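*Asks:* Would you mind keeping the following structure in view while I ask a few things?
Laboratory data are not the source of any read-out in this text; all were calculated from the coordinates shown. Bear in mind the structure is a predicted one, so any value in this text is a computation, not a measurement. With ideal geometry, Cβ positions are generated from the backbone for all residues, glycine too; neighbour counts draw on all protein chains shown.
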Amino acid sequence: MTSPLKLAEIISARVCHDLAGPIGTLTATLEMVAEGGVDAAEALEIARDAANSLQSRLRFIRAAWSIDGAELDAAAIQGCCGCLPQARKTVFRFEALIGHFAAPMSRGLLNLTMLGLECLPRGGTIRLAGNQEDGAVMTIDGPGAAWPTGFAGLLTDEDASWAALRDSRSLQAPLTSLILRHSGLKLQLLMTADHSAGPPPVLLAQA
């Protein structure tokens, strides 16, 4: 089983990877300004975009992975996830996500949405519907959409989730499962009669 130390190392690698892009852009822009190789107004706009991207990604990391949870609504959840690189190819349909969600459920929805983004390699649509009391249902739809291999096992077996923590690229599915389990939440695949309709929906609710 993967140790907590290994999990910390994997998460650290993932955070460094996610923040490297905007930090690199910001650094390169400042260097060009210092060398006089770019128009100041243009450089300011590039730097502002990079700083906003960095701030948004830090906000997502804090909300999804730290203990500083907060009550969120659909707009806040979409706003946090909309800053992620994968979101550029994705349509969010959260109109049926009603009301505010307590900190544990909000954290679960953020991680589940991030997992949904990773399961849409060529973009697509993520739909969330529900409320705090009854739970929330997510569906993903798009070319190549699929839940990770062995995903159902991760939802029922904590040891399987720990064993699946191999590297930062495959982090989100087992991490989501562990966060939900230790937040008093459960995630259930909802099998449908139409097996050609794409990945089955999932229900996130209180355990």
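*Asks:* According to a simple spin-label model (label point 7 Å from Cα along Cα-to-Cβ), what is the distance in nm between Leu30 and Glu133?
*Replies:* About 5.1 nm, to one decimal.
*Asks:* Averaging sequence separations of C-alpha pairs under 8 Å and six or more residues apart, then dividing by the length of the chain, give the relative contact order as a whole percent. All intermediate terms of the calculation are to be shown ahead of the outcome.
*Replies:* Working: 313 pairs, mean separation 38.3, N = 207.
So the answer I get is 18 percent.
*Asks:* Next up: What are the membrane-span-like helices in the chain by this rule: whole DSSP H runs, Cα extent along the axis at least 18 Å, mean Kyte-Doolittle hydropathy at least -0.5? The partial results should precede the final answer.
*Replies:* Numbers: long enough: 4-35 (45 Å, 0.68); 40-65 (37 Å, -0.02); 103-118 (23 Å, 0.57).
Flagged H segments are 4-35, 40-65, 103-118.
*Asks:* Report the residue, chosen from Ser56, Ser66, Ser170, that carries the largest GNM mean-square fluctuation when the chain is represented by alpha-carbon nodes joined by springs under 10 Å.
*Replies:* Largest GNM mean-square fluctuation: Ser66.
*Asks:* Taking the simple approach of a point 7 Å from Cα along Cα-to-Cβ for both Arg48 and Val15, what is their distance in nm?
*Replies:* 2.9
*Asks:* Antiparallel versus total DSSP beta bridges in the chain: what percent is that, nearest 5? Please report the intermediate quantities before stating the final value.
*Replies:* On the way: 17 of 23 bridges.
Of all bridge pairs located within the chain, approximately 75 percent are antiparallel.
*Asks:* Please identify every one of the trypsin sites (Lys or Arg not before Pro) in region 118-207 that sits in a loop by DSSP and has no more than 11 other beta carbons within 10 Å of its own beta carbon.
*Replies:* Of the trypsin sites (Lys or Arg not before Pro), the ones in loops of region 118-207 whose Cβ has at most 11 other Cβ atoms within 10 Å are Arg122.
*Asks:* Please find the FRET efficiency linking His100 to Gln206, where r is the Cβ-Cβ separation and R0 is fixed at 22 Å, and quote it to the nearest 0.05.
*Replies:* Details: r = 15 Å, r/R0 = 0.69.
About 0.90, to the nearest 0.05.
*Asks:* Dipole size in debye (nearest 20) for region 4-206 around its Cα centre, Lys and Arg Cβ +1, Asp and Glu Cβ -1? Don't jump to the answer; show the numbers that get you there.
*Replies:* Numbers: 16 positive and 21 negative charges, 67 e Å.
I would put it at about 320 debye.
*Asks:* Working only with C-alpha atoms, what are the Rg and Dmax values of region 4-206, expressed in angstrom?
*Replies:* When restricted to the Cα atoms of region 4-206, Rg and Dmax are 18.3, 63 Å.
*Asks:* Rounded to the nearest 0.05, what FRET efficiency do Thr2 and Arg93 have when you use their Cβ-Cβ distance and R0 = 30 Å?
*Replies:* Numbers: r = 35 Å, r/R0 = 1.15.
My answer for the efficiency is 0.30.
*Asks:* What FRET efficiency do you get for Asp68 and Leu190 if R0 is 25 Å and r is their Cβ-Cβ distance, rounded to the nearest 0.05? Display every interim value, and only then the final one.
*Replies:* Numbers: r = 31 Å, r/R0 = 1.25.
Between Asp68 and Leu190 the formula returns 0.20.
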